[in-house]
Amino acid sequence: MSDASKEWPLWEVFVRGKGGLSHRHVGSVHAADAKMALEHARDTYTRRMEGVSLWVLPSAQITSSDPGDAGALFEPAEDKVYRHPTFYKIPDGITHI
Amino acid sequence: MYTTDLSGKGKGKAEKAVAEDPALVAAFEARVASDEFIEPKDWMPEAYRKTLVRQMSQHAHSEIVGMLPEGNWITRAPNLRRKAILLAKVQDEAGHGLYLYSAAETLGTSRDEMTEALLSGKAKYSTIFNYPTLTWADIGAIGWLVDGAAIMNQVPLQRTSYGPYARAMVRICKEESFHQRQGYEIMMHLADGTDAQKRMAQDALNRWWWPSLMMFGPPDDKSPNTEQSMRWRIKRDTNDELRQKFVDITVPQAEAIGLTVPDDKLVWNEERGAYDFGEVDWEEFYAVVKGEGPVAKERMQARVKAWEDGEWVRDAARVHAEKRAAAKLAAE
Amino acid sequence: MDAVATYALRLGDDSLILGQRLSEWCGHAPALEVDLSLANVALDQIGQATHFLNLAGELEGKGRDGDALAFRRDVMDFTNCLLVEQPNGDFAQTIARQFLFSHYQELLFTALMASKNATIAAIAAKAVKETAYHAVLASDWVVRLGDGTDESKARMIAGLDWMWRFADELFAMDDVDAAAIKAGVGIDKAALRSSWDTRIDAVLAEATLMRPASRRPVLGGRVGRHSEHLGHLLTEMQFLQRAYPGATW
């Protein structure tokens, strides 16, 4: 019964909460095709007016970074404090900067 | 949402760590201890993964089987408003099952595998759903007591250590906020109604009270997994703590609408600032866990039938998608 | 009831009975996601029913509200079309019913948005969006099942075959319709037929299905002559209100 090839594929669902916001991951659904995935996403994740737009994406199509590489990927950014505005000291009287 | 700790007797030692790198284990334990979230691709001990899959899938199964007792009254709801509310609520449970299966799927177990485990009787689900819904008041009692008990379990799980589980729980908690209220509202209405309605309400409370207390699982001294699960933040309070909290909160709610909690040992303990209450019939609890609940067979029969009757539909959609994909490929 | 009240009653009864039928699926659908979909359609129908039946009660002016009309009438006073009371059968039969009905309902509500009865126009304007989605959802399933496996095709054909004899009733006109049109409230349903045919045929073609052969229409729902199925549906739906007269819930 649990023949993996028989199961409808998994899709990741992204919802735009309202105009101007980016789509945000909210969960997943099973669906045989993209159209069905959209319908299932609509019927599952927007029942309480949660959104104005949907994306669905086959879960198998996602490439993600390896947690083991997190150090190499993300820690080098830690000492680049000069990328942040708070790094710079501006005298109190100066405005609009 | 409905969780019951079904770890039961003697299964605590079943999942021994299999020669895992002590450094990895230590790092993992440290992350969890500092309330960090564990995500699907992070390293985790095998026992953690297994325990989580078991807990999340049991939880999901409970949602799905839990649709049946309330679903039993959708077509007989007494007015249009109640019909819409009940249908929306039972539909929510389908959604919650879906969210939880999805969370469990991130650990590499497919929903079909979990479904098969449920239908073959290998997987467990909350004992509460193996009791029948006899009257409309049962719909009130389930919302008030069963959802009330579930909320006690689920609120702390929003901070559980496994990210996808925690996020599913946040969504579930948000959606469930109306479930208990609608149940209590039904009971309130019945308790304030005709004699026949009052009788119905009291009878429902009588039948659902003890099974609701069972929902928190076996007593702490018979819950072998509790310590490990609490360390792993996949459980955040003990069974007995939650049970006590539930009694303390619920008894005044019953009194407020003139219903009597069916426990002659129930008494306010001034010293403890809590209610003392009678012993749950644990023999009944373990029997129901084993599948001897009054309508356990009916529940499984309904799930098996839906699954088997739906097979040709699922197959058709899959085959249709394959045909379309092949045609698209040929056209390119 | 006068013609306009009866007109609202018919709209409400269609939605009510279909919503009741669809709610029978809850917890038993072929997949979890499909369970959610069917419940959404059912909730839309129950919402429409509530609005239309409350309006019918108001127009009647005898103190009956939507609940009184839904739960305390006998079968001969129900005015829904025969299509919506048909049993769910298998999933294909349910989809066949939804497919034929939702396309009709979408066309109907689109036209009713111009009704001179402001309440009917407002309900139609809200419901037409719901119904447009139902029509797409049902059509997509007709295509999947029609052009799926041999078994699904056979079941889809059987489902359409079961429902087809009730299609003509959707567009049948009578004195109530004529009076409602005259009052500027109702619309010419017969005029919707060709658009409906076009829609249905397009989906059937995509589903590699033949249009079922025309046959003698079964009529009578609008004047209370129903199938045997409706009595059982009402027995279940009205149980509490019948068993506890006068109680409120």
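The values are calculated or read from the model by the stated rules, or taken from the named source; none is laboratory data. Model, not experiment: these values are computed from the prediction. So basically every Cβ, Gly included, is an ideal-geometry build from the backbone, and we count neighbours across all protein chains shown.
Figures for the structure shown
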read-out	value
Matching residues, the range C:60-82, being assigned to a helix (DSSP H, G or I) and in contact with an Asp or Glu (Cβ under 7 Å, 6 or more places away or on another chain)	C:LEU82
Hits in the range C:1-28 (condition: within 7 Å of chain B (Cβ to nearest Cβ), at negative phi and either among the hydrophobic types (A, V, I, L, M, F, W, C) or out of contact with any Ser or Thr (no Cβ under 7 Å at 6 or more places or on another chain) (or both))	C:CYS26, C:HIS28
Some residue of the range C:141-149 being of a type in the set (S, T, N, Q) and in a helix (DSSP H, G or I)	no
Matching residues in the range B:101-136 - criterion: being charged (D, E, K, R) and either at positive phi or at pLDDT below 95 (or both)	B:LYS122, B:LYS124
Unique match (being in contact with a helix residue (DSSP H, G or I) (Cβ under 6 Å, 6 or more places away or on another chain) and free of Cβ contacts under 8 Å to residues at least 12 places away in the same chain) among C:ASP65, C:ASP35	C:ASP35
Residue list for the range B:67-85, restricted to those being part of a helix (DSSP H, G or I) and within 7 Å of another protein chain (Cβ to nearest Cβ)	B:MET67, B:LEU68, B:GLY71, B:ILE74, B:THR75, B:ARG76, B:LEU80, B:ARG82, B:LYS83, B:ALA84
Criterion violated by C:VAL34 - all others in (1) of a type outside the set (Lys, Arg); (2) at the interface with another protein chain (Cβ under 9 Å from one of its Cβ atoms); (3) not in a helix (DSSP H, G or I) satisfied	(3)
Pair list, Cβ < 7 Å and 6+ apart or interchain, from the range C:138-160 residues that are more than 12 Å from chain B (Cβ to nearest Cβ) to residues that are aromatic (Phe, Trp, Tyr) and buried (at least 22 other Cβ atoms within 10 Å of the Cβ)	C:ALA138/C:PHE99; C:SER139/C:PHE99
Residues satisfying the stated conditions in the range C:70-121, i.e. surrounded by fewer than 20 Cβ atoms within 10 Å (Cβ to Cβ) and hydroxyl-bearing (Ser, Thr, Tyr)	C:THR110, C:THR119
Selection from the range C:60-101 of residues that are away from every other protein chain (no Cβ under 14 Å) and not hydrophobic (A, V, I, L, M, F, W, C)	C:GLU60, C:GLY61, C:LYS62, C:GLY63, C:ASP74, C:ASP77, C:THR79, C:ASN80, C:GLN86, C:ARG97
Residue count, the range C:39-53 (criterion: within 9 Å of chain B (Cβ to nearest Cβ) and either surrounded by fewer than 23 Cβ atoms within 10 Å (Cβ to Cβ) or without any contact (Cβ under 8 Å) to a residue 40 or more places away in the chain (or both))	8
Residue check, C:ALA56 more than 30 Å from C:LEU160 (Cβ to Cβ), touching a residue at least 12 places away in the same chain (Cβ under 8 Å) and surrounded by 24 or more Cβ atoms within 10 Å (Cβ to Cβ)	yes
Verdict on B:SER62 being within 24 Å of the chain's Cα centre (by Cα), more than 25 Å from B:ARG181 (Cβ to Cβ), in a helix (DSSP H, G or I) and of a type in the set (S, T, N, Q)	no
Cβ-Cβ under 9 Å pairs, at least 6 apart or on other chains, the range C:226-249 side away from chain B (no Cβ under 11 Å), far side surrounded by fewer than 14 Cβ atoms within 10 Å (Cβ to Cβ) and of a type in the set (A, V, I, L, M)	C:HIS226/C:MET76
Pick from the range B:169-181, criterion crowded, with 19+ Cβ neighbours inside 10 Å and under 28 Å from C:GLN241 (Cα atoms), ranking: nearest to the other protein chains (Cβ to nearest Cβ)	B:HIS179
Cβ pairs under 6 Å, 6+ apart, first in the range B:89-107 and more than 10 Å from chain C (Cβ to nearest Cβ) and assigned to a helix (DSSP H, G or I), second among the polar types (S, T, N, Q) and surrounded by fewer than 24 Cβ atoms within 10 Å (Cβ to Cβ)	none
Filter result for the condition that a residue is more than 11 Å from chain B (Cβ to nearest Cβ) and either among the small types (Gly, Ala, Ser) or in contact with an Asp or Glu (Cβ under 8 Å, 6 or more places away or on another chain) (or both), over A:VAL81, A:VAL56, A:VAL26	A:VAL56
Residue match in the range C:107-119 (condition: of a type outside the set (Lys, Arg), within 14 Å of another protein chain (Cβ to nearest Cβ), touching a residue at least 40 places away in the same chain (Cβ under 8 Å) and within 24 Å of C:SER194 (Cα to Cα))	no
Those residues of the range A:48-76 which are in contact with a helix residue (DSSP H, G or I) (Cβ under 9 Å, 6 or more places away or on another chain) and at pLDDT below 90, in sequence order	A:ASP66
Test result for B:TRP307, more than 14 Å from chain C (Cβ to nearest Cβ) and at pLDDT 95 or above	no
Any hit, the range B:274-285, residues being at pLDDT below 95, out of contact with any Ser or Thr (no Cβ under 6 Å at 6 or more places or on another chain) and in a loop (DSSP other than H, G, I, E, B)	no
The listed residue being more than 20 Å from the chain's Cα centre (by Cα) and more than 10 Å from every other protein chain (Cβ to nearest Cβ), out of A:LYS89, A:LYS18, A:LYS6	A:LYS89
Residue identified as within 10 Å of another protein chain (Cβ to nearest Cβ) and either of a type outside the set (Asp, Glu) or in a helix (DSSP H, G or I) (or both) among B:THR115, B:THR133, B:THR160	B:THR115
Which listed residue, of C:ALA114, C:ALA29, C:ALA125, is part of a helix (DSSP H, G or I) and modelled with pLDDT of 95 or more	C:ALA125
